[in-house]
Amino acid sequence: MLPYSTLDEASAALGRNLTVAETLWFNYSAKKSDYYLFCHNILFLFLIFSVVPLPLFFTSLWRSAGLDKYKIQPKVKLSPSEEFKCYKDVMFMFFFVVGPLQLVSYPSIKMIGIRTGLPLPSGWEIFLQLLVYFMVEDYTNYWIHRFLHGKWGYEKIHKVHHEYTAPIGFAAPYAHWAEILILGIPSFLGPAMVPGHMITFWLWIALRQIEAIETHSGYNFPWTPTKYIPFYGGADYHDYHHYVGGQSQSNFASVFTYCDFIYGTDKGYRFQKKLLRKLKEGVENGGEQNGGSYHIATQDLKSD
């Protein structure tokens, strides 16, 4: 809750007039508690889990020839009922794990110094803080993900997420309850190291989940804006990890690819891409057409 009763009081405290964004923030948040503002995350996550995957769902449902060519595993098709079951399972975890976790984690948010007051952060401040959050989460998540692909971690926890060997958007948050709790730690570390405004925190949670849905989309669209982000993994990169499944010791990165490159855990993927290029060149040069699908080329890579 802001310590000002009026816009004039806020302007006097800042020693300047409020910007348009700050005026909107004041009008919305002045009489709302910090806890209430923090709990907006629950609504945002519900909308993201429910709405963002819908274009992918309808793309898969209609199987348009113009878009179907971008499907990474074209021979795998889930029925609408199977996709809806995935969504129901995600919502079950959302209401009984994710939501309650958000409700009880507010004291930690206050402890690390996430603020709700004025002034609002600049665009550059938000950008730089989000960059730190993504980098910290990516590095920490990489090592936790590797642990979850050990025998115990995979059999007891992570295999739930890998039930979808051909990922779909709704399956991005589909996981064992313990994995949801464990992976909350990397998401929290960045804001703990570089605490910012509540708006930045909202953006962080929202963008991270939207990114996860994009990488689990099952489609490698050439117009995806994230293709222009340096070292970004994307759907094709993560799809390989899901196809190889429990045997995978490749492509552990959640967002960027630098950890896999540094620690040598992208060799299977790079070999697969090289093989696909050779197959494509063979077809273009009049060689025998062998289907060209993603999983044909990766069939011999499961032991990598």
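The values are calculated or read from the model by the stated rules, or taken from the named source; none is laboratory data. Note that this is a predicted model, so its numbers are computed, not measured. Methodologically, a virtual Cβ is constructed for each residue, glycine included, from the backbone with ideal geometry; neighbour enumeration extends over all protein chains shown. When the accessible area is computed, the model is the full protein with side chains, heavy atoms only, and any ligands, DNA or RNA have been set aside. Shrake-Rupley method; radii C 1.70, N 1.55, O 1.52, S 1.80 Å.
Assorted remarks:
- Against the main long axis of the alpha-carbon atoms of the chain, helix 20-29 sits at an angle near 80°.
- A simple spin-label model places pseudo-atoms 7 Å from Cα toward Cβ; at A65 and N285 they are separated by 3.0 nm.
- Helix 198-215 vs. the chain, principal-axis angle (Cα, 0 to 90°, nearest 10): 10
- Paramagnetic reach from S33 (point 7 Å along Cα→Cβ, amide N under 19 Å) across the range 96-137: 99-117
- Among the protein heavy atoms of the range 78-217, carbon and sulfur supply 74% of the accessible surface, probe 1.4 Å, non-protein parts ignored.
- Angle in degrees between helix 234-244 and the longest Cα principal axis of the chain, rounded to the nearest 10: 50
- Solvent-accessible heavy-atom area per residue, rounded to whole Å², over the chain at 1.4 Å: 51
- Residue among W62, W204, W25 with the largest mean-square fluctuation in a Gaussian network model of the chain, springs linking Cα atoms under 10 Å: W62
- Remark: spin-label model distance F92-F231 equals 3.9 nm, labels positioned 7 Å along the Cα→Cβ axis.
- Residue of L130, L18, L203 that the Gaussian network model of the chain assigns the largest fluctuation, springs spanning Cα pairs under 10 Å: L18
- Electrostatic bookkeeping for L207 treats Lys and Arg as +1 and Asp and Glu as -1; over the other residues with beta carbon under 15 Å from its beta carbon, the sum is -3.
- Partners for K75 among lysines (Cα-Cα distance below 27 Å; same-chain residues under 8 apart left out): K85, K88, K159, K227, K267, K273, K274, K278, K280, K302
- Using the Cβ of D34 as centre and a radius below 13 Å, the other residues enclosed give a net charge of +4, where K and R count +1 and D and E count -1.
- On the basis of the beta-carbon distance and an R0 of 45 Å, L181 and K278 show a calculated FRET efficiency of 0.55.
- Loop-resident sites, the range 1-79, for trypsin sites (Lys or Arg not before Pro), counting at most 11 other Cβ within 10 Å (DSSP): R16, K31, R63, K69, K75
- Per-bin percent of Cα-Cα distances, the range 28-157 [5 Å]: 2, 7, 10, 12, 17, 18, 14, 10, 7, 3, 0
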